[in-house]
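Below: one structure, written as structure tokens.
The values are calculated or read from the model by the stated rules, or taken from the named source; none is laboratory data. Computed from a prediction, not measured in an experiment: that's the story for all the values here. Glycine gets a Cβ as well: all are built from the backbone with ideal geometry, and neighbour counts include every protein chain shown. Please note that ligands, DNA and RNA were not included when accessible areas were found on the heavy atoms of the full protein model with its side chains. Shrake-Rupley method; radii C 1.70, N 1.55, O 1.52, S 1.80 Å.
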Amino acid sequence: MSSIRYNPQVDDFFARGCGRCALFETPQCRVHLWQEHMQTLRDIVLDAGLTEERKWGNPCYTLNGKNIVMMGALKEFCSLGFFKGSLLKDPKNLLVAAGENSQASRQLRFTSVQEIIKQKKQIEAIIKDAIRTEQEGKKVAFKAVSEFPIPDELKQTFENDPELKKAFYALTPGRQRGYLLHFAQAKQASTRLSRIEKCAPQIMRGEGLNDGYKKA
């Protein structure tokens, strides 16, 4: 198979990892754990005619510059994450929400190459539906930012730092949602505060939660 369609940045991902944790460039990197699985998925996605890029450290597949699906490696599984997954047809109920607060994203999760091969037709059908959904301009109806609760720790931080509050509300609604979900997912108040302090410089720069990985 020709290697021309393979993006060298994604080749680097497979060789070294995503670069988002301390396991980068080590044998323990999760990318290496799912190497064969993701290479198999890579070819299936590319056969659908998508363009291979690297965003947020991971392989991302696009159509005319629009994000369609992203590949990821976790400890328990590797996945294909569909940006508008909640809109897709899924007669076999293979898609799962990426998290309890996920409104749009849905994942296909895999733990064996045989599983991928067995489900190849279903995977291809979901990818085609994702492409069609983007071509038709369908949009996910997100909850308004005002519907998300603001953690008490963030309210207090805003009172102490009006400039941070101003920068936060200058962000796009999507970026605001991303931060609010990230902060709220922490169960301990100390963890929520730690996350807010860590993210403050990015907020001040007008960046979203994962914007730092876009050029990885």
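Listed by chain and number, the lysines whose alpha-carbon sits under 17 Å from that of K139, ignoring those within fewer than 8 places in the same chain, are K66, K84, K89, K128. Accessible surface computed residue by residue for the chain, with neighbouring protein chains in place and a 1.4 Å probe, gives 57 Å² per residue. The order of the peptides 25-37, 159-171 by mean Cβ neighbours within 10 Å, most packed first, is 25-37, 159-171.
Between the beta carbons of K118 and L74, assuming R0 = 25 Å, the FRET efficiency works out to 0.75 to the nearest 0.05. Projecting the Cα positions of N93, N160, G178 onto the charge dipole of the chain (unit charges on Cβ atoms of Lys, Arg, Asp and Glu, taken about the Cα centre) puts N93 furthest along the positive direction. Sorted from longest to shortest, the spans of the Cα atoms of the chain along the three principal axes equal 58, 40, 30 Å. Compared with the dominant Cα axis of the chain, that is its longest principal axis, helix 35-47 is turned about 80°. Hydrodynamic analysis of region 85-161 uses the Kirkwood radius over alpha carbon pairs. Inserted into Stokes-Einstein at 37 °C and 0.692 mPa s, it gives a translational diffusion coefficient of 215 µm²/s.
Would you mind getting me the FRET efficiency between V96 and M204? Use the beta-carbon distance for r and R0 = 30 Å, nearest 0.05.
On the way: r = 35 Å, r/R0 = 1.17.
Efficiency, rounded to the nearest 0.05: 0.30.
So how far apart, in nm, are the two label points at A184 and K66 if each is 7 Å from Cα heading toward Cβ? Once both label points are built, they end up 2.7 nm from each other.
Over all directions, how big on average is the projection of the convex hull of the alpha-carbon atoms in region 1-80, in square nanometres? Numbers along the way, then the final one.
Values: hull surface 20.1 nm².
Computed as one quarter of the Cα hull surface, the answer is 5.0 nm².
Angle of helix 189-204 to the longest C-alpha principal axis of the chain, folded into 0 to 90 degrees and rounded to 10: 80°. Each stretch of four or more DSSP H residues adds -39500 (n - 2.57); spread over every residue of the chain, this sum gives -13000 deg cm²/dmol at 222 nm. The fraction of accessible area contributed by carbon and sulfur in region 2-121 is 51 percent, rounded to a whole number (1.4 Å probe; ligands and nucleic acids excluded).
GluC sites (Glu not before Pro), restricted to region 100-157: which are DSSP loop and have at most 12 other Cβ atoms within 10 Å? Don't skip to the end; give the middle numbers.
On the way: sites: E100, E115, E124, E134, E136, E147, E153; in loops: E100, E136.
Here the sparse-neighbourhood loop sites are E100, E136.
Here K198 is the anchor, and the lysines within straight C-alpha reach of less than 21 Å, apart from those fewer than 8 places off in the same chain, are K155, K165, K166, K187, K214, K215.
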